[in-house]
1. Share of Cα-Cα pairs in segment 450-543 beyond 24 Å, in percent?
2. Counting other C-beta atoms within 10 Å, which of 405, 571, 300 has the fewest, and how do the rest follow?
3. Taking just the C-alpha trace of segment 7-177, give me its Rg and Dmax in Å.
4. Multiplying the sequence separation of residue 435 and residue 526 by 0.36 nm and subtracting their Cα-Cα distance, what value in nm do you get?
5. In µm²/s, what is D for segment 582-621 at 4 °C and 1.567 mPa s, where D = kT/(6 pi eta Rh) by Stokes-Einstein and Rh is the Kirkwood radius from Cα pairs?
6. Write down the radius of gyration of segment 398-445 and its Dmax, each obtained from C-alpha positions, in Å.
7. Compute the whole-percent fraction of alpha carbon pairs in segment 1-80 spaced more than 20 Å apart.
8. Cα-based Rg (one decimal) and Dmax (whole number) for segment 253-448, in Å?
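Please treat every number below as a calculation from the coordinates, not as lab data. This is a predicted model, so every value here is computed, not measured. All Cβ positions, even for glycine, are placed from backbone atoms using ideal geometry, and neighbour counts span all protein chains on display.
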């Protein structure tokens, strides 16, 4: 397959790929699969970085990837990556959400190192793809390649500034390609045994629990798929890393990691979310805690993509009952419906509807969004949502929100600007957002310079500014943040900045900002990656009754050591301190340590050890996991975890009883558990 000139898109745009890294591509297909083969040349093959890693964890390596819009609508594409060890990374890319790496698709990869580079082969089952069959089936394709040691990523066709994969892809045409009907089942079984400490010298009886569940997929048509799950296991194999949660005004975000919800979730997001705005995502499925069953219908009809998600969440409390109202049930019911219609390239107009019902409370949300790119350099989006919340014991509340975003992007200049408004009574139960009752605007702009240097790739000074009126806190806020960012070789960057602003809390305006802030990252050696962050300045103590002006300082450092292709050790240390500036009295100091040790025997089997410490809650978490994944869905996990707490219970001696605990025994295991899970994906 002739590809022409590959051109860089990160960290710089527009640089031609050197001949030393030329790439040959071949494409083939049959009635079951589409095949891609890549010969990635490299004149220094001994410097190719490639580790045997679990899914979605090899982005610092050399890799090759494709973006395949199989439906050809310009609204959704499969992004499939493989390094030179056949370690996979994949994402679902949509116009509204960008790349969502939560999604895991069924596809296969093989790779090997050669004397002149490396070779990667991809096999994509037709059952994995969504497309309309025929004599001439067109799919949109963009290809990527990363060269780790110089930190450059290249694409073909070229991605111009401000453009992404839907704007100018190449076109693949397959003759007489017919989709294969998708029918699959996924039975699973989970066993867990958990024990909690009753006192420093006694344990409660252990509790064990079996869980049998099943999920299924049915391809209704070539472009429409129905997913269903009954009594699913939604336990999370990956534990949430400890984060600083002391003195947080807004909630801390944790990513979704449960397979049923991860697949295809990018289809449910809307324009204008994420980034520096108030709403991070319109559908945050971690609000569905313990589903009894769920269903999901997704697909495309021509240029229209749609999705409907339903879930019934087990409720620990009895229902409120209202005579004649059949919707007030014990369990929480969540429904999300999303539709988007492609206009041209990545342009679309969409709509969303969500509904939740629980214990006499109902929340309705309806709205629409629009994303347009009038030219290569200009793009804009807008969203409007209206909500209504009713309760059996209170008056109904209604509220609206709206946002508009404009972005200008060239190789030299970049600017993105957003205005947003949230009514006081706006409520969206499915979303993750910080607050309501405010109106604000923010802007981020930068200019890029490209020095001709062997180590310095890009220099871009930037400025961020925002202003908002908070009607609940009865005041306004402002912030100006400026700095300089340097992109260097070895996938490195350094960021220096300074910020000043004000924030109103409980009717009082306080100073906020950073006297000096630094963060950076670099792949210092092939086996060593470093990251650091330092900053501090005026801050607020967010107490509802007695807030005050304080100062904070934060520091973090992390290192990833990979002595060989199989072993990886990541250690991260975070320290946050807050004090009263007028007296110097320390209010709190939080130290957090997260450690992850992974030995990856091959691309399917790993053993992982976690150790996490949080000084604010005086707790230590340890967790060991053995995991085998043949393909997403066919997995076996076995894990054991312990939670330690400091000074648990009484350490006083009991008359006539055992001697007191040694005062050095400050941490005790207060919870321990064993976890086993097996599931098997069967396609017909």
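1. Values: 1748 of 4371 pairs.
Across segment 450-543, Cα pairs with separations above 24 Å total 40 percent.
2. On the way: 405 21, 571 15, 300 24.
Ascending Cβ contact count within 10 Å gives the list 571, 405, 300.
3. 15.4, 45
4. Values: separation 91, 0.36 × 91 = 32.76 nm, distance 4.33 nm.
Working it through step by step, the gained length comes to 28.4 nm.
5. Working: Rh = 12.9 Å.
My calculation gives 100 µm²/s for D.
6. Looking at segment 398-445, its Cα Rg and Dmax stand at 13.8, 44 Å.
7. Working: 1548 of 3160 pairs.
More than 20 Å apart: 49 percent of the Cα pairs in segment 1-80.
8. Rg, Dmax (Cα atoms, Å): 18.4, 65.
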